[in-house]
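Here the structure comes first, spelled out in structure tokens, and everything after it is commentary.
Taken together, the values in this text are just the output of simple stated rules run on the coordinates, not laboratory data. If you're wondering where the values come from, they're calculated on a predicted model, not measured in any experiment. Virtual Cβ from ideal backbone geometry, glycine too; neighbours counted across all protein chains shown.
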Amino acid sequence: MTASNKIEKIRWPVRTRCAFCYGVHVTVVSTPEKGWNSYHCEDCDKDFTVISNNVFQKTHLSSSQVLAIIRIFERRQLKKKPSVLCKIVNVHHWTMTKIIDRIKGYETVGNLLHTPIVSLIEESLQDPEVGFDSESIDVAILLVTYKFLTKDPKWLKAISGCSEEVVSKALDRIRASWPEGKEFEEEDKEHNWYDSEGWESPKAAVTLTLHVLCVCGEINRDPQTGIYSISEERRSKIDGVIESACVC
Ligand SMILES: [Zn+2]
């Protein structure tokens with residue numbers, strides 16, 4: 001598999017989607033041996049490649065350089081000095097600094113993470129046991145950002161687009177449900193989200209759903225046993241609905 005194909009698999013784990021409108025009605029324009037495959041979107045009529053509308057657009061980086069940066073991003077090594085990272089990627093120090101700044105920007109990081117999550121959620125909707133609403137999509141983004149990128153509330157707020165209140169509540173729930181430094185660890189041993197199956201794994205979708213519901217406060221997770229139960233908050237809401245339905 002070429003570096004370019006690997007990047008496509010990361011950005012589009014389930015199927016190729018328009019880089020601008022997320023549409024799925026896309027056709028292949030060209031697949032050159034070197035460089036990027038190009039596609040055309042039937043929905044918004046734009047041409048795109050895997051690096052369109054994200055941090056790598058107009059950078060003139062080769063596919064192997066882009067892949068090297070994505071790996072650094074995935075391993076959460078962005079805090080390393082640009083002078084060290086530029087040697088790994090084989091770019092000029094100045095270019096590396098510029099790319100790190102761009103990656104840390106709200107829209108670009110959000111976009112990198114957002115696409116695989118949206119694909120996963122859309123696919124998982126076909127499974128009747130798994131469901132998401134728009135609010136839990138935000139929480140899913142927050143959760144994945146926490147897991148893969150940063151635990152800093154300031155960045156979590158910027159990337160997820162959630163309010164300060166939601167972020168701080170979510171962090172409280174994460175801390176109450178998992179021992180520090182071992183967040184989401186037990187489940188991940190069984191269902192590696194970034195394995196060769198990528199985001200398509202139905203088990204990963206169920207695990208993500210449980211995590212999201214937990215971070216939303218709908219269910220609780222016992223940090224010792226790992227067993228999930230309906231939270232008091234949710235139970236009182238359900239009781240309220242039952243009570244009002246019984247008034248006759
Ligand atoms: Zn489009």
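Simple spin-label estimate for ASP45 and SER163 gives 4.0 nm between the two label positions (7 Å along the Cα-to-Cβ direction from each Cα). Computed over the stretch 1-54, relative contact order equals 30 percent, with contacts defined as Cα pairs under 8 Å that lie 6+ residues apart.
Which order do peptides 82-94, 221-233 fall in by mean Cβ count within 10 Å, highest first?
Details: 82-94: 15.1, 221-233: 12.4.
Going by the mean number of other Cβ atoms within 10 Å, highest first, we get 82-94, 221-233.
Once the other residues with Cβ under 11 Å from the Cβ of PHE56 are scored (Lys, Arg +1; Asp, Glu -1), what is the net sum? Could you put the intermediate results ahead of the total?
Values: positive: ARG11, LYS58, ARG102; negative: none.
Residues close to PHE56 contribute a combined charge of +3.
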